[in-house]
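The values are calculated or read from the model by the stated rules, or taken from the named source; none is laboratory data. All values derive from a computational prediction rather than experimental measurement. Cβ atoms come from the backbone with ideal geometry, glycine included; neighbour counts cover every protein chain shown. Ligands, DNA and RNA are stripped out before the accessible areas are found, and what is left, the full protein with its side chains, is counted by its heavy atoms. Shrake-Rupley method; radii C 1.70, N 1.55, O 1.52, S 1.80 Å.
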Amino acid sequence: MIGMKPWLLGAMLFSTLCAEEFNYDETKVSPYVLPLLFEHKDGTPAMSASLWQQQRRAEIVSLLEKEMFGKAPPRPALRFRVMEAATPALGGKALRQQVRVFFSSKDDPALDLLVYRPAQHSKPAPVIFGLNFKGNQSVQADPAILLCRSWIDNKDLKKPDVHHALEESRGIDAGKWPMAYAIERGYAVVTGYYGDIDPDVDDGWKNGVHALFPENESQRNAESWGSLAAWAWGMSVAMDWIVQEPSLDGKRVALQGFSRLGKATLWAAACDERFAAVISQNSGAGGAALNKRIFGETVGRLNRSFPHWFCGNFRQYSDNEAAMPFDSHFLLALAAPRPLLITSATEDRWADPHGEFLAARATNPVYQLFSHTGLTATEMPAPGKLVNDRIGYFLRQGPHSVTEEDWKAYCDFCDRHMPFNP
């Protein structure tokens, strides 16, 4: 519930987690069979790029809408307000801009976008766009960044009863958003707080963008959209603004997401083919990792701990992954033929790095339809080595997080697959 004390919710989740046992042993992964990517519902094969684009892709989108994420409503006509015009930042190397994008004719809820772009570019800048977890003010210790206006969890500041953004939260996640490094590499960075779109709590879908569609919620069923679909929908609304902004290159936008937002990023890219490249980091079960391996986090744990993320139909696969008529390679394949980068971390066994790598490998046949080799590596690479194929893979030493080393991999990948000349 949105009014539930975060510490109490955390204690409940921790208690649930401790009561369950999770597999971290490769020798205990039971045999599993992955559903075929190339098979229509009528049993005929789909073995060409045109058949994939014209029929099979839409079948998979429909399947994942019905069984996993739920179907989002149409996006609104673009309406936005410039909150801050381009202003010198980062020692003059960047221009900072802030824009509020609205989801309806109402002024709330709305998504505040924070933009840093290279100051010296003579052409529109390529973009790395991703949502953040703690409000725009958390990504840089910059007093000019607007404080988040949405419900927020301040447990990291040891203030679990305070649910508005605090001045002391400025820059607390700056390590995950190395703006100066991205600017140096020639990329604009666009971000917004995911809670502006939908609060990440099980509130019965009474807040955020779900509340804008009361007719949907009054008829909510097992196929209705959850929070992951809402965050993905919000990313597409943000993209509506990005593509019309003259200082940004709307044809060179890489969509990035970490952890649960890595799951949402994969679904956003599946539903919106305007994103030129896709980067999913440590997204694990329900994201890039093969669910049928039942390694680390499981479908059952996702549905029990985060019942608001997926649609109701996904619950039938709790502790029943073998019955899934799809797996994560279906989700990854929807990025094709666009560049797709999957990143993992050695200590993040909960997100199953090996399962993420195997899913990327299982996606190769779709990329091959478009004359791309996909992921050429047959074994997981050593930590720190980027496999920079059309399907890229990067494994970093360390825990579940985002670092400048990850951003170096992002930029190296984008340099190759969506090159630009400033």
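Residues that are aromatic (Phe, Trp, Tyr) and crowded, with 20+ Cβ neighbours inside 10 Å: which helices (runs of 4 or more DSSP H) entirely in the range 326-422 hold 3 or more of them?
404-417
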Members of the range 200-243 that are part of a loop (DSSP other than H, G, I, E, B), at pLDDT 95 or above, open to solvent by 10 Å² or more (accessible area, probe 1.4 Å) and under 27 Å from PHE275 (Cα atoms): ASP200, GLU223, VAL243
Every pair of residues 6+ apart whose Cβ atoms lie under 8 Å, when the first sits in the range 146-166 and is more than 15 Å from PRO109 (Cα to Cα) while the second is of a type in the set (Phe, Trp, Tyr): LYS155/TRP7; PRO160/TRP7; HIS163/TRP151
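Can you tell me which residue within the range 77-100, out of those that are closer than 16 Å to SER236 by Cβ and touching a residue at least 40 places away in the same chain (Cβ under 8 Å), is surrounded by the fewest Cβ atoms within 10 Å (Cβ to Cβ)?
The residue in question is LEU78.
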Verdict on ALA180 being open to solvent by 30 Å² or more (accessible area, probe 1.4 Å), within 25 Å of TYR410 (Cα to Cα), hydrophobic (A, V, I, L, M, F, W, C) and at pLDDT 95 or above: yes
When residues of the range 137-162 are limited to those that are out of contact with any Leu (no Cβ under 9 Å at 6 or more places or on another chain) and surrounded by fewer than 16 Cβ atoms within 10 Å (Cβ to Cβ), the one nearest to ALA409 (Cα to Cα): ALA141
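How many residues are of a type outside the set (A, V, I, L, M) and either assigned to a helix (DSSP H, G or I) or touching an Asp or Glu at 6+ places or on another chain (Cβ under 7 Å) (or both) when one looks only at the range 244-268?
Matching residues across the range 244-268 total 5.
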Residue among PRO74, PRO126 that is out of contact with any Leu (no Cβ under 6 Å at 6 or more places or on another chain), open to solvent by 70 Å² or more (accessible area, probe 1.4 Å), at pLDDT 95 or above and not basic (Lys, Arg): PRO74
Leading residue by the ranking (nearest to ASP203 (Cα to Cα)) among those in the range 294-313 that are assigned to a helix (DSSP H, G or I) and open to solvent by less than 20 Å² (accessible area, probe 1.4 Å): SER305
Qualifying residue in the range 277-293 (condition: among the polar types (S, T, N, Q), in a loop (DSSP other than H, G, I, E, B), open to solvent by less than 10 Å² (accessible area, probe 1.4 Å) and touching a residue at least 24 places away in the same chain (Cβ under 8 Å)): yes
Failed item, numbered, when PRO422 is tested on (1) out of contact with any His (no Cβ under 9 Å at 6 or more places or on another chain); (2) modelled with pLDDT under 95: (1)
Scope the range 199-219; condition touching a helix residue (DSSP H, G or I) at 6+ places or on another chain (Cβ under 8 Å), among the charged types (D, E, K, R) and free of Cβ contacts under 8 Å to residues at least 60 places away in the same chain; matching residues: GLU217
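Provide a single number: the residues in the range 317-338 that are among the hydroxyl-bearing types (Ser, Thr, Tyr) and over 16 Å from the mean Cα position of the chain (by Cα).
Here the count works out to 2.
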